[in-house]
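Here is the structure we will look at, set down as C-alpha cells.
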Amino acid sequence: GHVLNSYQFYSRVLDYQLLPDWSAVALAAVLPYVQLAAGVAVLAVPSCRRAGLGVCVLLFAVFLAAQASAYHRGLDISCGCFGSSEDRIGWRSLAVAGGGLALAVLALASCRRRPRPAPVGRPAFTLIELLVALAIIAVLA
C-alpha cells in the first residue's frame, strides 16, 4: 500500500504532473496517513465519523479532479488505484473515483451531526459508511 511503499506513491503523484517536486514529496509523505485516519474515523470512532466522511469527500473529489485533468491532457499513466500499475487513467478509473465520491457524499449526507449510541440490533455504521471505508482501504492497498 501507499503507507508501506511511499517511493512508489511519490512516483505516482509525480506522474500526474500537477505539483512541483517539493510538494509532491510532502503530499506522498502525508496523504496515505490522512487516508488511513479518515478510514479509521469512519469505521471505529463514532464521534469523528462525520469529520472522517468529510475528509473522504475531499479526498475523492481531489482524486477525481486530478484524474480528469490527466485524462484531458492525454497522459497515459497509472491511476495509482488499488496498488496496481496496470490500471491506466480512463473512463473506468474516472468511474471508480466518481463512485467513491458519490458514496462519500451520500454517507456524509446521511450521517447525524451528533452520534448517538446505536440501538440494540442496529449496526454501528450504515452500509454506505462501510462502503466508503472499504473504498479508502482499497485505494490504500
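Overall, the accessible surface of the range 1-73 at a probe of 1.4 angstrom is composed of carbon and sulfur to the extent of 71 percent.
Over the Cα atoms of the range 21-60, each weighted equally, I'd like the Debye log10 I(q)/I(0) at q = 0.16, 0.26 Å⁻¹, rounded to two decimals. Results for the range 21-60 at q = 0.16, 0.26 Å⁻¹ read -0.41, -0.78. For the range 1-71 versus the range 86-104, the inter-centroid distance based on Cα atoms is 14 Å.
Taking a ≥ b ≥ c as the square roots of the eigenvalues of the alpha carbon gyration tensor, the range 2-89 is prolate, as a/c is not under 1.5 and a/b beats b/c.
The values are calculated or read from the model by the stated rules, or taken from the named source; none is laboratory data. Everything quoted here is computed from the prediction, not taken from an experiment. All accessible areas refer to the heavy atoms of the entire protein, side chains included, with ligands and DNA or RNA removed. Shrake-Rupley method; radii C 1.70, N 1.55, O 1.52, S 1.80 Å.
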